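Notes follow the structure.
The values are calculated or read from the model by the stated rules, or taken from the named source; none is laboratory data. The model shown is predicted, which means the values in this text are computed figures rather than measured ones. Glycine also receives a Cβ, built like all others from the backbone with ideal geometry; neighbour counts cover every protein chain displayed.
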Amino acid sequence: MQGLSNWNAVRYDSQQPSAHVESYFLKAHDPKTPRALWLRASIIAPCVRPAHAIAEAWAIVCEQDGSLTVVKESLPVADTRFSKEELLVSIGSFFHLDAKTCHGAIQRTDHQIRWDLHHASTAKAWVHSPLPAAIEHAVSASHFASPFPDLRIDGSLSVDGRTIDVSGWQGMQGHHWGRAHPPFMAWGHCNQWEQQVDTVVEAVSIRERLGPILGPLWTLVSVRHAGTEHSFCLPHHGTRTRGELHNRRWFIGAKHGNLRIEADFSAQTDDFAGMYYPNPDGSMTYRLHTMTGFGRVHLDLPGQRPVDLTTRGACFEIGTSKADHGVRMYV
C-alpha cells in the first residue's frame with residue numbers, strides 16, 4: 001500500500017484493474033503578462049477492460065491577447081511510465097514530469113507546443129478530500145492533492161516555433177484521481193496577485209454521485225498567507241465552508257472563530273477552453289478550464305488587519321455532465 005504522505009504516487013494499478021481516472025498537471029503563469037501554461041498527463045481505465053488503460057498528454061498555452069493553443073496526444077498506459085514510488089510520469093516523447101523537471105512536445109493538426117522546464121518548491125503538500133484518512137481505501141470517489149502548491153518555474157516554451165522565455169514564472173503541481181470524473185465540480189488555485197503578496201489560495205467544490213442522484217455540494221479550501229497556513233480540509237470543516245457554482249462564476253467561503261476566507265472567481269466564456277473528459281463507464285464530463293480568470297479574495301486573520309487581494313491570473317475549472325454549457329470544446 002502506498003503511504004499517505006506520498007501524494008504523487010500513481011494510484012492506478014494494472015495488476016488490480018478497476019474503473020479509474022487519474023491526472024498529474026503543472027501550471028505556470030508569467031508574472032509580468034497574462035500569458036500562462038497548463039500541462040497535464042492523465043490515465044483513463046474503462047469499466048469493461050480496465051487493464052487496457054489509455055494515457056493522454058495535454059498542453060494549453062494562453063497568450064497575452066487571450067488566444068488559446070491546445071494540443072493532446074495519447075498512448076496505451078502499457079507503453080508509458082507512472083511511478084508508484086515518486087513523482088515520475090513519462091508518456092513517450094510527449095510528456096515527462098519529475099520532482100525537478102518537466103519537458104515534452106505535442107503536435108495536433110497545425111499546432112505544436114514544446115517545453116523544457118525546471119521547477120522548485122519548499123511548500124508542503126495540500127490535500128483536498130472529504131475523507132483524507134480513507135484515500136487509500138477509495139471510500140470517496142474523487143481526491144484532489146497538490147503535492148507542490150507553490151512553485152517557481154524556469155526554462156523555455158515554444159508555440160508553433162515561436163520561443164517564449166520562462167523565467168521566474170509562478171505555478172503549482174497537482175495530482176487528482178478517483179473512480180470517475182465528478183459530474184459537478186469546480187477546482188481553483190492562485191498564487192499570483194496584483195498586490196505582490198506571498199499568498200496561495202486553493203479550493204474545490206464538488207457534488208459526488210450517490211447512486212442515481214447527486215449528493216450535496218461540499219467545499220474545501222486552503223490558504224497560505226505570509227508563511228502561515230489556514231486550512232478547511234477535514235470532514236468536520238464542511239459545516240464551516242460554503243460554495244456557490246454558476247455557469248462562469250464560483251463563490252467560496254469558510255469561517256471558524258475569528259478566521260474568515262471569502263473568494264470569488266469568474267471569467268468570460270471565451271476565456272475558457274472546453275475539454276472532453278470521458279469516464280470509465282462511457283459517459284462524458286465536460287471540463288471548462290481557464291488560467292486567466294478574475295479573482296477576488298478577502299481574508300480576516302486572527303490578530304491581523306483584513307487582507308483584500310485581486311488577480312487576473314486565477315486558474316480554475318468547472319466540471320459538468322451537461323453538454324449545453326456554451327464553451328468551445330478544443331480536445
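Every test in (1) small (Gly, Ala, Ser); (2) at pLDDT 95 or above; (3) more than 20 Å from Asp324 (Cα to Cα) is passed by Gly238 save one, and that test is (2).
In segment 203-223, the qualifying residues are those that are touching a strand residue (DSSP E or B) at 6+ places or on another chain (Cβ under 6 Å) and of a type in the set (A, V, I, L, M, F, W, C), and the one that is nearest to Asp281 (Cα to Cα) is Leu214. So which residues in segment 107-128 are under 23 Å from Asn6 (Cβ atoms) and assigned to a strand (DSSP E or B)? The answer is Leu117, His118, His119, Ala120, Trp126, Val127, His128. You will find that of His96, His103, the residue that is of a type outside the set (Val, Ile, Thr), in contact with a Cys (Cβ under 7 Å, 6 or more places away or on another chain) and closer than 24 Å to Ile44 by Cα is His96 and no other.
Summed over segment 18-57, the residues that are over 25 Å from Arg114 (Cα atoms), part of a loop (DSSP other than H, G, I, E, B) and of a type outside the set (A, V, I, L, M) give a count of 6. Elements of the type strands (runs of 3 or more DSSP E) sitting completely within segment 268-331 and holding at least 2 residues that are within 20 Å of Trp193 (Cβ to Cβ), under 18 Å from the mean Cα position of the chain (by Cα) and modelled with pLDDT of 95 or more: these cover 284-300, 307-320.
Each row is one residue, and each column tells you yes or no for (1) small (Gly, Ala, Ser); (2) modelled with pLDDT of 95 or more.
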residue: His137; (1), (2): no, no
residue: Trp169; (1), (2): no, yes
residue: Gly174; (1), (2): yes, yes
residue: Ala180; (1), (2): yes, no
residue: Pro183; (1), (2): no, no
residue: Gln196; (1), (2): no, no
residue: Leu210; (1), (2): no, no
residue: Trp218; (1), (2): no, no
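Residues satisfying the criterion are absent from segment 238-246 (criterion: closer than 30 Å to Val48 by Cα, surrounded by 17 or more Cβ atoms within 10 Å (Cβ to Cβ) and free of Cβ contacts under 8 Å to residues at least 40 places away in the same chain). Pairing residues of segment 110-128 that are closer than 30 Å to Ser231 by Cα and crowded, with 17+ Cβ neighbours inside 10 Å with residues that are among the basic types (Lys, Arg) and at pLDDT 90 or above, at Cβ distances under 8 Å and at least 6 apart in sequence or on separate chains, gives His119/Lys100; His119/Arg152; Ser121/Arg152; Ala123/Arg224.
Looking only at segment 60-106, residues that are part of a loop (DSSP other than H, G, I, E, B), more than 19 Å from the chain's Cα centre (by Cα) and buried (at least 19 other Cβ atoms within 10 Å of the Cβ) come to 2 in all. Filtered by the rule that a residue be out of contact with any Cys (no Cβ under 8 Å at 6 or more places or on another chain) and closer than 22 Å to His176 by Cβ, segment 65-77 gives Val70, Val71, Lys72, Glu73, Ser74, Leu75, Pro76, Val77. Which condition does Phe251 not pass, out of (1) under 29 Å from Ala41 (Cβ atoms); (2) surrounded by 14 or more Cβ atoms within 10 Å (Cβ to Cβ); (3) among the aromatic types (Phe, Trp, Tyr), if it passes all the others? Only one criterion is unmet by Phe251, namely (1). Of the residues making up segment 186-225, those that are among the hydrophobic types (A, V, I, L, M, F, W, C), touching a Phe, Trp or Tyr at 6+ places or on another chain (Cβ under 9 Å) and under 23 Å from Asp324 (Cα atoms) number 6.
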